[in-house]
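Asks: This is the structure, below, for whatever I ask next.
The values are calculated or read from the model by the stated rules, or taken from the named source; none is laboratory data. The structure displayed is predicted, hence computed values, not measured ones. With ideal geometry, Cβ positions are generated from the backbone for all residues, glycine too; neighbour counts draw on all protein chains shown. The protein model used for the area step is the full one, side chains on, heavy atoms only, and it has no ligands, DNA or RNA in it. Shrake-Rupley method; radii C 1.70, N 1.55, O 1.52, S 1.80 Å.
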Number of protein chains: 2
Amino acid sequence: MTSKKVERKTPPTNSAAGDLDVQALVFDAYGTLFDLNSFAKHADKVHRGRGNEILRIVRQKQIEYAMTRTMLKKYENFELLTRKAIQFALKELRLSSSDESIEKIFSGFLHMNAYKDVADCLSDLDEANMHVAMFSNGTQTMLDKLVEYAGLSLLAEESVSVDGAKTYKPDPKAYSHILTHLEDYEKEKILYVSGNTWDVAGAKSFGFRVGWINRTRQPIFDEALYDLRPDFEFSNLSEIGTLLK
Amino acid sequence: MTSKKVERKTPPTNSAAGDLDVQALVFDAYGTLFDLNSFAKHADKVHRGRGNEILRIVRQKQIEYAMTRTMLKKYENFELLTRKAIQFALKELRLSSSDESIEKIFSGFLHMNAYKDVADCLSDLDEANMHVAMFSNGTQTMLDKLVEYAGLSLLAEESVSVDGAKTYKPDPKAYSHILTHLEDYEKEKILYVSGNTWDVAGAKSFGFRVGWINRTRQPIFDEALYDLRPDFEFSNLSEIGTLLK
C-alpha cells in the first residue's frame, strides 16, 4: 500500500484503510482529473512563452472571483468568470486581449488532457462496482466538453456542475448539491477526491471522507486548514484502488 | 481634477464629484495605505533575492485562507493565517521555514511603510473635518503596530479589525461591523477606499460609495466584478482631496 494518511504535528483523523467503507467516489475536475498544464501549453500556442504565466493568473483570478461572488451572493457562471479571468491575465501581461485571443485561450479550458492515471482508475472503480462522479465549479457545458475530449465515457452521465445550485465550492451549499445527486449514498460513505486544498477543506467540513491528490507536489497540506485536513493523501490515483481493496 | 470615474463598455454609476456628499472615509490597510512591497523587501533580508516570490505566495494564500474559512464559517484570526501563509510560502519555495524564519518574516507584516501620499491625505481630510477610519482583515494588534510604526497618529483610535465580527471581507457582515463603528453616519455618506478589487466589490455590494486606488496599476478594473465596480478610480490618494473640494 503506497497511499498514506495525512500526518502532521497532531494525530490524523481515525480513518484507516481497514475501516474504509466507501460506496461512491466523487472527483473534482480541474487539477484533479484534468491537467491544468495542458491549458498552459494551449495558451502558449496563442502567446508563445507566456502559457505558464497566463495559467497562474487565470487560476488565481478564477478562484478569487468565484469566492468573492459567492460571499456576496452574486453568482455568475464559471464560463463567464473564466473568460474574464483570461481577459484580466492578458491585460495584466500586456498581451493582445482581443475577443479572438480570449476565445482561443478559453478553448484550451475545454480541451484539457486527463492525467495519465485517470482512465485506469475509473475502469478499476467501475469494475469494483463503485459509483463514480465528477463535481466541479465548471458549467455543465464545460464539463461535458472536457469529458468528451478526454474520452472518459464513464463520467459522461455523472458530471455534475455547481451551476445547479448557483454557488461555488467550498460553500457547503455546493457540496449539498452533489449529495442530492447521489441520494442513494450517505455522505460518510462517499470518498471525495480533490487536488485543490480549499476544496479538500470544504468537502471535509461538509462531512465527506476526503482524499487529497497532491498533484502539485506541495511539501505539506496547508497548515492554515489543518483542522479540515484530508483523511488520505495520494500522489497518484492508482493508490485509491489499493486503498479500497 | 485628476481623479476619474471608472468608465468601461457600459456607463459608470451616477456618482460624480459634484453630488458627492461624503462625511466619513474608511480606508483598507494592506495595499491601500500600507505598501506590501516593503514586506517583500523585509522578507528579502531573511531570504535574499526571494522577497517578491514570498510576497506573491503569502498574499495569495492569505486571501484564499480567509475566504475559504469565511465560506466554511470557521474563522481563525489573520495573525494565525498570515503565519501559516508565510510557512506555506517558505516550504513551497524550499526555503528554511524554521519558527525563527517565520517570525522574522512575519515581523515585516507589522512594520510596513505607509505609501508616501498617506500622511498628507489624512491631514487634509482631518482639516476638512472628515471622519477617517481604517478597516482591515488584520487583527487589532497587527493594525495598532502598523499605525504606530508608520506614525499615523490620526488613525490611532480609528483602526478597526474584522476580528470583532469574526469574519473576513468581503463578507457583508464584515462591512456591517465597520458601519456599526461609524454609527453616526449613513452608509451612503461613507466613502470606502481600497486597493483590492475584491474588497472594492464587497464594499460596493454593501452600499458604500467606493473609491478604488489602483496601486498596482492594473490596466482595468476586473471585468468579472463589473457590476460591483467602484464609483471612482484614483491613482494617488491626493486625488481624493481634489474630489471632495
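Asks: On a 1.4 Å probe surface of the protein chains, which of A:D126, A:D199 comes out largest in accessible area, and what is the full order?
Replies: On the way: A:D126 80, A:D199 0 Å².
Greatest to least solvent exposure: A:D126, A:D199.
Asks: May I ask you to rank A:S235, B:S159, B:S123 by accessible area, largest first, using a 1.4 Å probe over the protein chains only?
Replies: Details: A:S235 80, B:S159 10, B:S123 50 Å².
Of A:S235, B:S159, B:S123, the descending order of accessible area is A:S235, B:S123, B:S159.
Asks: Right, next: Would you grab the residues whose amide H sits under 5 Å from the one on A:F208? Only those 5+ places off in sequence or on another chain, please, with H modelled 1.01 Å from N.
Replies: none
Asks: When Lys and Arg each count +1 and Asp and Glu each count -1, what net charge do the other residues less than 9 Å away from B:R83, Cβ to Cβ, add up to?
Replies: Values: positive: B:K84; negative: A:E223, B:E79, B:E103.
That works out to -2.
Asks: For the protein assembly as shown, what is the accessible area per residue in Å² when the probe is 1.4 Å? Can you show the working numbers first?
Replies: On the way: 20420 Å² over 490 residues.
Result: 42 Å² per residue.
Asks: Continuing with this model, one more query. At most 10 other Cβ atoms within 10 Å and a DSSP loop assignment: could you name the GluC sites (Glu not before Pro) in segment B:122-178 that fit?
Replies: Numbers: sites: B:E127, B:E148, B:E157, B:E158; in loops: B:E157, B:E158.
Hits after loop and neighbour filter: B:E157.
Asks: At a cut-off of 20 Å², which residues of segment B:31-67 become less accessible once all protein chains are present than in their chain alone, using a 1.4 Å probe?
Replies: B:R56, B:Q60, B:E64, B:Y65, B:M67
Asks: Take the alpha-carbon centre of segment B:50-65, take the same for segment B:170-187, and report the distance between them in whole Å.
Replies: Centre-to-centre (Cα) distance: 28 Å.
Asks: Using only the heavy atoms of the protein chains and a 1.4 Å probe, how would A:D28, A:D44 rank by accessible area, largest first? Please report the intermediate quantities before stating the final value.
Replies: Details: A:D28 10, A:D44 45 Å².
Ranking A:D28, A:D44 by accessible area, largest first, yields A:D44, A:D28.
Asks: Can I ask one more? Whole number please: convex hull volume per residue of the Cα set in chain B, in Å³? Intermediate values should be presented prior to the final figure.
Replies: Working: hull volume 30.3 nm³, N = 245.
Cα-based convex hull of chain B, divided per residue, equals 124 Å³.
Asks: Search the structure for amide H atoms under 5 Å from the amide H of B:V193, placed 1.01 Å from N in the peptide plane, and list their residues when 5 or more places away or on another chain.
Replies: So B:V193 has HN proximity to B:V26, B:F27, B:D28, B:G211.
Asks: Once the mean 1/r over all distinct Cα pairs of segment B:96-139 is inverted, what Kirkwood radius in angstroms do you read off?
Replies: On the way: mean 1/r = 0.0754 Å⁻¹.
Its Kirkwood hydrodynamic radius stands at 13.3 Å.
Asks: Okay, next question. For segment A:161-236, what's the relative contact order in percent, using C-alpha pairs closer than 8 Å and at least 6 residues apart?
Replies: Numbers: 112 pairs, mean separation 19.2, N = 76.
RCO, segment A:161-236: 25 percent.
Asks: What's the total accessible area buried between chains A and B, using a 1.4 Å probe, rounded to the nearest 100 Å²?
Replies: On the way: alone 11960 and 11940 Å², together 20420 Å².
That pair hides around 3500 Å² of surface in total.
Asks: Over 21 Å apart: what share of the alpha carbon pairs of segment A:80-194 falls there, rounded to a whole percent? Working shown, then result.
Replies: Numbers: 3135 of 6555 pairs.
Here the tail beyond 21 Å accounts for 48 percent of pairs.
Asks: May I ask you to order A:205-213, A:98-106 by the average number of other C-beta atoms within 10 Å around their residues, highest value first?
Replies: Details: A:205-213: 23.8, A:98-106: 15.9.
Packing order, densest peptide first, comes out as A:205-213, A:98-106.
Asks: Now a separate question. Solvent-accessible area of A:H131, probe 1.4 Å, all protein chains present, reported in Å² to the nearest ten, please.
Replies: The value for A:H131 is about 50 Å².
Asks: How much accessible area does B:D120 have with a 1.4 Å probe, in Å² rounded to the nearest 10?
Replies: Number for this one is 110 Å².
Asks: Here is a follow-up. Give me the net charge for the shell around B:D28: Cβ to Cβ below 12 angstrom, other residues only, Lys and Arg +1, Asp and Glu -1. Walk me through the numbers before you get to the answer.
Replies: Details: positive: B:K169, B:R215; negative: B:D199.
Net charge in that neighbourhood comes out at +1.
Asks: Let me ask something else about it. Where does chain B land at 222 nm, in deg cm²/dmol rounded to the nearest 500, when only DSSP H runs of n ≥ 4 count, each adding -39500 (n - 2.57), divided by all residues? List each step's numbers first, then the result.
Replies: Numbers: 9 runs with 107 residues, N = 245.
That calculation yields -13500 deg cm²/dmol at 222 nm.
Asks: Next question. Lys and Arg at +1, Asp and Glu at -1: add these up for the other residues within a Cβ distance under 12 Å of A:V46 and post the number. All intermediate terms of the calculation are to be shown ahead of the outcome.
Replies: On the way: positive: A:K41, A:K45, A:R48, A:R50, A:K104; negative: A:D44, A:E100, A:E103.
Around A:V46, the surrounding residues sum to +2.
Asks: What FRET efficiency comes out for the pair A:K116/A:Q23, r = Cβ-Cβ distance, R0 = 22 Å, nearest 0.05?
Replies: Working: r = 26 Å, r/R0 = 1.20.
It comes out at approximately 0.25.
Asks: With each label point set 7 Å from Cα along the Cα-Cβ vector, what nm distance links A:N129 and A:T141?
Replies: It works out to 4.0 nm between the two label points.
Asks: Expressed as a rounded percentage, what relative contact order does chain B have, with Cα pairs under 8 Å and six or more residues apart?
Replies: Details: 395 pairs, mean separation 66.0, N = 245.
It rounds to 27 percent for chain B.
Asks: Another question, then. Stokes-Einstein at 4 °C, 1.567 mPa s, Kirkwood radius from Cα pairs: D for the protein assembly as shown in µm² s⁻¹? Display every interim value, and only then the final one.
Replies: Details: Rh = 23.7 Å.
Value of D from the Cα-based Kirkwood radius: 55 µm²/s.
Asks: Let me ask you something else. When the label point is put 7 Å from the Cα of A:A156 along its Cα-to-beta-carbon vector, which residues of segment A:123-146 have a backbone N closer than 14 Å?
Replies: A:144-146
Asks: While we're looking at this one, here's another question. What would the Debye equation give as log₁₀ I(q)/I(0) for segment A:154-215 at q = 0.12, 0.13, 0.23, 0.24 Å⁻¹, counting only Cα atoms as equal point scatterers?
Replies: -0.27, -0.32, -1.03, -1.11
Asks: If you don't mind, there's one more thing I want to ask. For the protein assembly as shown, which whole percent of the accessible surface, found with a 1.4 angstrom probe, sits on carbon and sulfur atoms? Mind showing how you got there, number by number?
Replies: Details: 9230 of 20420 Å².
Of the solvent-accessible surface of the protein assembly as shown, carbon and sulfur hold 45 percent.
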